[in-house]
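For reference, the structure is listed below as structure tokens.
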Amino acid sequence: KFPRTARVMSVTEAPSAGKRFNSNLLSPDSAKFFRSTCLQAFRNLLASNSNNRVVNVWGIRRGGKTTILKRYLKDLVTSGISSSDILYLNLEKTKIESSEELLFQLNQSKATYIVVDEIQNVADWKKNIDEFSKSHKHVTLIISGSRAAFKAVQWTKEYLFFEVKPLTLTELLNLFPSEDPEALLAVYKKFGGFPGIYHTSFEFNSKEFEKHAEETLLSIYDEILKNDILHLNYSETEMQRLVVKLCESEIFAAPVYVVDINRHLLYCLEQVCLFTALQCANNEGKRRYICVDLGLLQMLLKHYVSRKYPVHDHVLNLSLVVNNFINCSKCEQ
């Protein structure tokens, strides 16, 4: 069973604008749900690029970005950094209307470690982030948001990038060492690795857990649709057709014809991190795609096609290789 104390990591408890980071947001009792591999990779990225003081953290919604950032800040406090030297702003929970107002908040702060979460909620933020970083070389500035928000602007070599994906199979096995590995693999194949699925006290083999997992996956997809896609005025039918084609492409290991689909909608699905292209289109105009999460893959097919598809070994192995890879990089422009 997952400890109920892990629920203290809810992003709704994030401090509002202007408040210092509250290190109690992650209690010691929640240490079990600790993505040590992902967090260590994040630390290594910062340590190996000490001259780069701005880090962009991106990934699919509810994949764990906020939790990783809060844990990083808590570790800073544990290491002796004063909480007055840390500022955390969540722009989904805080009313900041413009990039000028955001710049004002940052300039008012005397913190040397600043995290701005959900940066895409402020329009034209890049110019003022650049201005702040150039005038505050001593500050480590971490901004998180959607992949689309970062892809839409030009970057320079001062910026680092770090992608947070759902839980890997290895992380899941480490989180629940007392569980049977084969049973956990079956759970992972069916429901994937979104952290919210495992924030529950239900037994993995119970109907209650299955219902909770399915509702969690559906709510994640609904949140992506509502916040990232539907405002682009695509029809539900068009969306359904493309999602099913991409999912079945992964299940049956069959490349899709890029020329036969709405390329802009496909680009949007990639930008919100639902799907990843495995290769460039070949001479026949075919390309393979993979869903970011096995559980989400099966939920989408069940939601749109109303049938279950078997997850064969080639699907599992490909997902483990692609989605279990930690992506961090430095802008070379």
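The values are calculated or read from the model by the stated rules, or taken from the named source; none is laboratory data. Every value quoted in this text rests on a predicted model; they were computed, and no experiment measured them. All Cβ positions, glycine included, derive from the backbone under ideal geometry; neighbour counts span all protein chains shown. We work out accessible area using only protein heavy atoms, side chains counted, and drop any ligands, DNA or RNA first. Shrake-Rupley method; radii C 1.70, N 1.55, O 1.52, S 1.80 Å.
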Checklist entry - What figure in square angstrom, to the nearest 10, would you give for the accessible area of E158 with a 1.4 Å probe? => result 80
Next on the checklist: Taking 18 Å as the cut-off for C-alpha to C-alpha distance, list the pairs among K189/K211; K70/K127; K245/K302; K190/K308; K126/K226 that go past it.
Outcome noted: K70/K127; K126/K226
Checklist entry - Counting only Cα, what are the radius of gyration and maximum Cα-Cα distance Dmax of the stretch 163-260, in Å? => result 16.3, 49
Next on the checklist: Let me make sure I get this right: for the stretch 98-139, a, b and c are the square roots of the gyration tensor eigenvalues over alpha carbons, sorted descending. Under 1.5 in a/c it's rounded, otherwise prolate if a/b > b/c, else oblate. Which is it?
Outcome noted: prolate
Item to check | Heavy-atom accessible area per residue - the stretch 151-244, 1.4 Å, Å² | outcome: 49
Next on the checklist: For the stretch 38-115, what does the convex hull of the Cα positions come to per residue, in cubic angstrom?
Outcome noted: 117
Item to check | Accessible area of the stretch 54-139 divided out per residue, in Å², using a probe of 1.4 angstrom | outcome: 42
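Quantify, in whole percent, the carbon and sulfur part of the accessible surface of the stretch 175-302 (1.4 Å probe; protein heavy atoms only).
Accessible surface attributable to carbon and sulfur in the stretch 175-302 totals 51 percent.
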Checklist outcome for this item: Karplus-derived 3J(HN,Hα) from phi for the stretch 75-83 (6.51 cos²θ - 1.76 cosθ + 1.60, θ = phi - 60°), whole Hz, x at Gly and Pro, runs 5, 4, 5, 4, 7, x, 6, 5, 5
Checklist entry - Roughly how many debye, to the nearest 20, is the charge dipole of the stretch 39-180 about its Cα centre, given +1 on each Lys and Arg Cβ, -1 on each Asp and Glu Cβ, and no other charges? => result 200
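Using the per-residue mean of other Cβ atoms lying within 10 Å as a proxy for protection, in what order, highest first, do the peptides 206-212, 302-308, 128-134, 109-115 fall?
Going by the mean number of other Cβ atoms within 10 Å, highest first, we get 109-115, 128-134, 206-212, 302-308.
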Checklist entry - Roughly how many debye, to the nearest 20, is the charge dipole of the stretch 95-240 about its Cα centre, given +1 on each Lys and Arg Cβ, -1 on each Asp and Glu Cβ, and no other charges? => result 660
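Mind ranking 229-239, 245-255 by how tightly packed they are, going by the mean number of other C-beta atoms within 10 angstrom, highest first?
The peptides rank, most packed first, as 245-255, 229-239.
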Checklist entry - Mind checking which aspartates and glutamates have their C-alpha under 15 Å from K134, skipping anything on the same chain fewer than 8 residues away? => result E158
Next on the checklist: Explain nothing, just compute: Karplus ³J(HN,Hα) = 6.51 cos²θ - 1.76 cosθ + 1.60, θ = phi - 60°, for every residue of the stretch 179-191 in order, whole Hz, x for Gly and Pro.
Outcome noted: 7, 5, x, 5, 5, 5, 4, 4, 5, 5, 5, 8, 10
Item to check | Accessible area in the full protein assembly, largest first, 1.4 Å probe, for D117, D124, D313 | outcome: D124, D313, D117
